[in-house]
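Worksheet: one structure, shown below.
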Amino acid sequence: MLDAPEDIAPAFVTAWMARDAAALAALFAEDADFVNVVGLWWEDRPAIGAAHHRGLTTFFAESRLALGRVKVRHLGETAVVHARLRLSGQTAPDGSVAEGRSTILVFVMAKQAKGWHCVAAQNTDIVPGAETHLAGGGRLSTARYD
């Protein structure tokens, strides 16, 4: 449990950098939802922990996650936290190191008797120069309308 909703983003980064999927999962309510950057949807704490354990011990094992801007909107017993993150050092399928990328991770926080837990999170890649995605040929591509 966290003392305040704004504690979620640095706690997430700390758990990531420690490669501690159990600590990362503990930030979430037992029935939390987490949607990753490609739309994979994990629907409870054990699934969130298992998915992050896999990533943190394989393709994210050498990665670095850096926290940028954080914005908190308090809504009484709930809060929405937007956090800008920079990921570097991800291992590509061919074993090379992928280029860094930026994301915005949105956490929906709920106050409980012993503190704050995340009840939902969604991670979205930031795609510079793009406004939307277009589907075609079984793939997504980026597009601008100017």
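The values are calculated or read from the model by the stated rules, or taken from the named source; none is laboratory data. No experiment lies behind these values; they were computed from the predicted model shown. No Cβ is skipped: glycine too gets one built from the backbone with ideal geometry, and neighbour counts run over all protein chains shown. Quick note on the areas: whole protein, heavy atoms, side chains included, nothing else; ligands and nucleic acids left out. Shrake-Rupley method; radii C 1.70, N 1.55, O 1.52, S 1.80 Å.
Sort out which residues of the stretch 1-41 are without any contact (Cβ under 8 Å) to a residue 60 or more places away in the chain and touching an Asp or Glu at 6+ places or on another chain (Cβ under 7 Å), and write them in order of number.
If the condition is that a residue be without any contact (Cβ under 8 Å) to a residue 60 or more places away in the chain and touching an Asp or Glu at 6+ places or on another chain (Cβ under 7 Å), then 30, 41 are the ones that fit.
Select from the stretch 67-78 the residues that are surrounded by 14 or more Cβ atoms within 10 Å (Cβ to Cβ) and within 16 Å of residue 12 (Cα to Cα) and list them in ascending order.
67, 70, 72, listed by residue number.
Can you tell me which of (1) of a type in the set (Lys, Arg); (2) touching a helix residue (DSSP H, G or I) at 6+ places or on another chain (Cβ under 6 Å); (3) within 30 Å of residue 146 (Cα to Cα) is the one residue 45 doesn't meet?
Looking at each condition in turn, residue 45 falls short on (3).
Condition check ((1) aromatic (Phe, Trp, Tyr); (2) modelled with pLDDT of 95 or more) across all residues:
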| position | (1), (2) |
| --- | --- |
| 69 | no, yes |
| 81 | no, yes |
| 97 | no, yes |
| 114 | no, no |
| 121 | no, yes |
| 145 | yes, no |
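Among (1) out of contact with any strand residue (DSSP E or B) (no Cβ under 8 Å at 6 or more places or on another chain); (2) of a type in the set (A, V, I, L, M); (3) under 16 Å from residue 89 (Cβ atoms), which single condition is residue 38 missing?
(3)
Could we say that residue 130 is in contact with a Lys or Arg (Cβ under 7 Å, 6 or more places away or on another chain), without any contact (Cβ under 8 Å) to a residue 24 or more places away in the chain and open to solvent by less than 40 Å² (accessible area, probe 1.4 Å) here?
Yes, satisfied.
Given (1) aliphatic (A, V, I, L, M); (2) under 25 Å from residue 1 (Cα atoms); (3) open to solvent by less than 100 Å² (accessible area, probe 1.4 Å), identify the lone condition not met by residue 135.
It is condition (2) that residue 135 fails.
Across the stretch 85-110, which residue is surrounded by the fewest Cβ atoms within 10 Å (Cβ to Cβ) among those that are in contact (Cβ under 8 Å) with a residue 40 or more places away in the chain and closer than 13 Å to residue 6 by Cα? Working first, answer last.
Within the stretch 85-110, the first condition is being in contact (Cβ under 8 Å) with a residue 40 or more places away in the chain, and the residues that meet it are 85, 103, 105, 107, 109-110.
If we keep only those that are closer than 13 Å to residue 6 by Cα too, we end up with 105, 107, 109-110.
Working: 105: 23, 107: 28, 109: 28, 110: 16.
Checked the stretch 85-110; the qualifying residue surrounded by the fewest Cβ atoms within 10 Å (Cβ to Cβ) is 110.
Any chance you could count how many residues in the stretch 11-64 are within 12 Å of the chain's Cα centre (by Cα), open to solvent by 60 Å² or more (accessible area, probe 1.4 Å) and either modelled with pLDDT of 95 or more or over 18 Å from residue 85 (Cα atoms) (or both)?
Count: 2.
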